[in-house]
Amino acid sequence: MKKVFTFLALVLTLSFFYITAYAFSQNIVLDGKRICYNGPDISITVDGNPFNTGDNPPLLIDGSTLVPARSVSEGLGADVKWDEGTQTVTVTKDKVFKFKIGSNNATVDGKNVTLQAPVRIINGGTSYVPIRFLFESLGYKVKWVDDKNLIQVTKIMPLPTMVAAKPAQVVNNVNIINFDKTEDNGTLTVSIKADGPIKYVKGDISNPDNYRVYFDLQNAVNQVSKERIDINVNGLKDVRIRQFNNDPAVTRVVFDMDHNIPYNVNTSADGKTLNISFNNMKPNTAIAENSPKPDSNNQTVPLATAPTFVSRGNERNPIPNKKIICIDPGHGGYDSGAVGNGLQEKDITLKLALKVRDLLKNSCNVILTRDSDSTSWDSRDTYTDLQSRCDIANNANADYFISIHVNCGPGTDGTGFESFYYRNAPQASKDLGQKIHDSLAAFYASKGFCDRGYKECGFYVLANTNMPATLIENLFINNPSDAKALSDDNFLNDLAGAIANALKNALNLP
């Protein structure tokens, strides 16, 4: 009992000093309500190694740092289950932790504990929990490094117990040396190769929104650099590999599916290759006819059916053999985006997009994701809204994608220009974005506004478009001085000209 109370005493959330340089800005849906999030770009290390939470970064909400429950828990070797009926997240690793959405009460092995901050739902489907409680509950120590926006997490090593010595057991680990997929007449096979015979334990995890099958490769050390293979065919989303445990060594391979899909397992004659095969994996005809472009890691993003609304600035008379630029005016329809000083982000981004289109239409073929304050998809649904914008660019085989936004901060003193590139984008894409950023930064400097930098991000529209892409944030709508410029049509004309020139120069347009 003493240990339980000692553990509960450690359950405190992180306190942060005020940070003036907000490095992460995005519109998010918090508990069903869209807000403009602008906070520090927080990074995590575990035992000195970077810890990646994927497309769901740590967030600072109401003074408490929250992290995605599933990404963190599974990354630390715990199992996670979601109960839609009770809105409860269950994390299991040695103990059973239950978190209820919207509540700051949790249970540990059935005993009640109190969280300083409630569990939240972000972007309609990702549960976020207080970081310190989650990590410490799973046996880790948490330290905040203020000047680096860094959370350092280290494993708490248990005190040794005095037991009679046993003869040492020698375990010969195998090394996983290759992880790849092949396709043959509709059969997709994922192969894992080792330098010795592979032994495995198989299991599955079922949730309301997905189904996962995992293979724990026993006494296996993962030596491959590739972490994931995207598939996205007939309900099979992707397959991931990582070191699940160090002592004993276990490498886990996880298949992520929409539903339970039949598969076959076999090993090579020497036992060094494990093959997991899925039949009937040919893409449907509609998708195959618009096959996507692979990225630099040979990972393919599928093309969904294009929204019915596609606007081209010169669509009736396209210029032959000219590049296609897709301009995405952020937000629109039901989604106003950021608001402040009597302005709405969706109105400003549309004005800018239309002006840039008119300036570029003689130099290239221009596509807009929308050309009015409406969309053919339901803009109230975040996934549908963002994916539809990607589909328009992907299905047109655009050569470049630029998403236009206006920034918003937690206070009224945020100002200036910044732009973003996807963290896993090819270097050529990052370089193009840098040219565009530098050109626009020079324009803003001439107008007396600061350059906030060219930054890495995980924004959906940059991650799921198949061409080089960037997202630009133009001033702060809730800053009175910035808003004054954004409400001035002469300034918007100048800004549109700067965006058009930046694209022309970076893409070598006439």
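Points worth noting:
- Residue match in the stretch 426-434 (condition: basic (K, R) and surrounded by 15 or more Cβ atoms within 10 Å (Cβ to Cβ)): yes
- Those strands (runs of 3 or more DSSP E) of the stretch 40-109 in which 3 or more residues are buried (at least 18 other Cβ atoms within 10 Å of the Cβ) and touching a Pro at 6+ places or on another chain (Cβ under 8 Å) occupy 64-68.
- Checking every residue in the stretch 459-471 against the condition of being within 15 Å of A338 (Cβ to Cβ), surrounded by fewer than 19 Cβ atoms within 10 Å (Cβ to Cβ), not assigned by TED's automatic domain parsing to the domain that holds D62 and not aromatic (F, W, Y) gives zero matches.
- Test result for A428, of a type in the set (A, V, I, L, M, F, W, C), modelled with pLDDT of 95 or more and out of contact with any strand residue (DSSP E or B) (no Cβ under 8 Å at 6 or more places or on another chain): no
- Of all residues in the stretch 110-121, those being surrounded by fewer than 18 Cβ atoms within 10 Å (Cβ to Cβ) and small (G, A, S) number 1.
- Residue list for the stretch 404-436, filter: of a type in the set (F, W, Y) and within 15 Å of C450 (Cα to Cα): F417
- Set S379, S446: member being modelled with pLDDT of 90 or more and either of a type in the set (S, T, Y) or outside the structural domain of G330 (by TED's automatic domain parsing) (or both): S446
- Failed condition for G85, given (1) within 25 Å of N27 (Cβ to Cβ); (2) out of contact with any strand residue (DSSP E or B) (no Cβ under 8 Å at 6 or more places or on another chain): (1)
- Restricting the stretch 253-274 to residues that are in contact with a strand residue (DSSP E or B) (Cβ under 8 Å, 6 or more places away or on another chain) and of a type in the set (D, E), the residue that is surrounded by the most Cβ atoms within 10 Å (Cβ to Cβ) is D256.
- Per-region count, the stretch 60-77, residues at pLDDT 75 or above and of a type in the set (D, E, K, R): 2
- Residue satisfying all of: in the stretch 24-37; at pLDDT below 70 and of a type outside the set (D, E); surrounded by the most Cβ atoms within 10 Å (Cβ to Cβ) among these: S25
The values are calculated or read from the model by the stated rules, or taken from the named source; none is laboratory data. Being a predicted model, the structure only gives us computed values, none of them experimental. All Cβ positions, even for glycine, are placed from backbone atoms using ideal geometry, and neighbour counts span all protein chains on display.
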